[in-house]
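Reviewing the structure listed below.
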Amino acid sequence: MEHIYFSFPGNEVLTTTLALNDNASIGLAEIRRFPDGESYIRIKSDVCGKHVVLVCTLDKPDEKIMQIYFFSKIVRTMKASTLTLVSPYLSYMRQDKLFHEGEGVTSIEFAKLLSSMVDQLITVDPHLHRFHSLKELYSINTKVVSAAKPIAEWIKSHVKKPFIIGPDSESEQWVKSVAMHYYVPYTFLNKIRLGDKQVEISIPEDLDLSERTPVLVDDIISSGRTMTEILKQLKKSGAQAPVCIGVHGIFAGNAYVELKNAGASVIVTTNTIPHPSNQIDISDLLKF
Ligand code: R5P
């Protein structure tokens, strides 16, 4: 079946790469806002009987979800055969339990919403913590790929004597799989989150980083507080300036500058969310 790729605004580079890799065409669509902030969507290419692929990473999801909804409705009206959402970063995965009375498990609610819009979802390293598979949340076909190999390759070619460090036990899954590609040492720390921008991290006293380059690896860099706190503590201990690697660089507010100022030797992310720190290309992982 013929594939046709559409880019959500801001995803043009990845869309072009994926369409070229798939030998498929790129569809024309107008996705914009009216002056009053409401959404305007017009699909200008013929999608009848085709497998439509919408590429839209889901940082700032609340700004995008209505447009994805309208897009999905329009392609169905235009008799597309199927609709796949390629969303290299999948949002709302961290709200995976009721932390306080009166909240919702928004990862489930978001999954229900997306499942009602598209037939298939493809993503990179979603934050699976209390849920172990997207199948527990999503009722549609889902495909998860891991950025561990390209991250490990980047470390191998850029860092001498790396020691990989994850901020918390949740990060063990990413840290371990990155470390295992080249058998480099790794550990993970203990983190307590006290608020959106407040974390406490403890580094074991016996962690020996002499003659090693600390490489902090986490799935998401959002406020950057997790990495900033580790950087502060490693600085006190006299360790070399660490390399900071995030699969998904959200960098909310001033996080990128704060992380640089906190003493990271380099901050590197994959291109799941377009950002100047993108040095690790994951587009090959997203091939059909
Ligand atoms: C935690 O659950 C994630 O794995 C990351 O550690 C977290 O999202 C980082 O957030 P921030 O940059 O806001 O500290």
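Taken together, the values in this text are just the output of simple stated rules run on the coordinates, not laboratory data. Keep in mind that what you see is a predicted model, and the values were worked out from it rather than measured. Glycine also receives a Cβ, built like all others from the backbone with ideal geometry; neighbour counts cover every protein chain displayed.
Note that the range 215-226 has calculated 3J(HN,Hα) couplings of 10, 7, 10, 9, 6, 10, 10, 10, 6, x, 5, 4 Hz, one per residue in order, obtained from phi through the Karplus relation 6.51 cos²θ - 1.76 cosθ + 1.60 (θ = phi - 60°); glycine and proline are x. Here the chain is treated with +1 on each Lys and Arg Cβ and -1 on each Asp and Glu Cβ, and its dipole about the Cα centre works out to around 380 debye. Taking a sphere under 13 Å around the Cβ of His248 and counting the other residues whose Cβ falls inside, with K and R at +1 and D and E at -1, yields a net charge of -2.
For Lys143, the residues whose modelled amide H falls within less than 5 Å of its own, excluding neighbours fewer than 5 places apart on the same chain, are Leu121, Ile122, Thr123.
Can you list the trypsin sites (Lys or Arg not before Pro) in the range 1-56 that are in a DSSP coil and have 10 or fewer other beta carbons within 10 angstrom?
Lys44
Stretched out straight at 0.36 nm per residue, the stretch from Val13 to Asp62 would grow longer than its current Cα-Cα span by 15.4 nm.
The per residue volume of the convex hull around the alpha-carbon atoms of the range 3-145 is 113 Å³.
Find how much the distance from Val257 to Lys73 grows on full extension, using 0.36 nm per residue of separation minus their present alpha carbon separation; answer in nm with one decimal.
62.3 nm
The long axis of helix 172-182 is offset from the longest Cα principal axis of the chain by roughly 80 degrees.
One compactness figure for the range 151-196 is 1.26, namely its Cα radius of gyration divided by 2.2 N^0.38 Å. Compared with the direct C-alpha span, the chain from Ala241 to Cys48 gains 64.0 nm at full extension, assuming 0.36 nm per residue. Taking all Cα-Cα distances within the chain, those exceeding 23 Å account for 56%. Over all projection directions, the Cα-based convex hull of the range 88-184 averages an area of 7.2 nm².
Backbone phi angles across the range 185-195, fed through the Karplus curve with coefficients 6.51, -1.76 and 1.60 (θ = phi - 60°), yield HN-Hα couplings of x, 8, 8, 9, 9, 10, 10, 10, 8, 9, x Hz in residue order; Gly and Pro are listed as x.
In the range 186-288, Cα pairs under 8 Å separated by at least six residues give a relative contact order of 21 percent. Report the label-to-label distance for Asn21 and Thr106 in nanometres (one decimal), using points 7 Å from each Cα along the Cα→Cβ vector. Each label point lies 7 Å from its Cα, and together they span 3.0 nm.
Across the range 148-286, Cα-Cα distances exceeding 23 Å account for 26% of all pairs. The shape of the range 107-148 can be summarised by an equivalent ellipsoid whose semi-axes, obtained from the alpha carbon gyration tensor, come to 17, 13, 7 Å from longest to shortest. When the helices of the chain are scored as -39500 (n - 2.57) per DSSP H run of n ≥ 4 and the total is divided over every residue, the value at 222 nm lands at -7500 deg cm²/dmol. The tail of the calculated P(r) for the range 9-92 beyond 16 Å holds 53 percent of all Cα-Cα pairs. Evaluate the relative contact order of the chain (contact order divided by residue number), counting alpha-carbon pairs under 8 angstrom at least 6 apart; express in whole percent. Dividing the mean separation by the residue count of the chain yields 13 percent. What FRET efficiency, computed as 1/(1 + (r/R0)^6) with R0 = 30 Å and r the Cβ-Cβ distance, is obtained for Ser39 and Lys176, rounded to the nearest 0.05? Efficiency computed from Cβ-Cβ geometry: 0.10.
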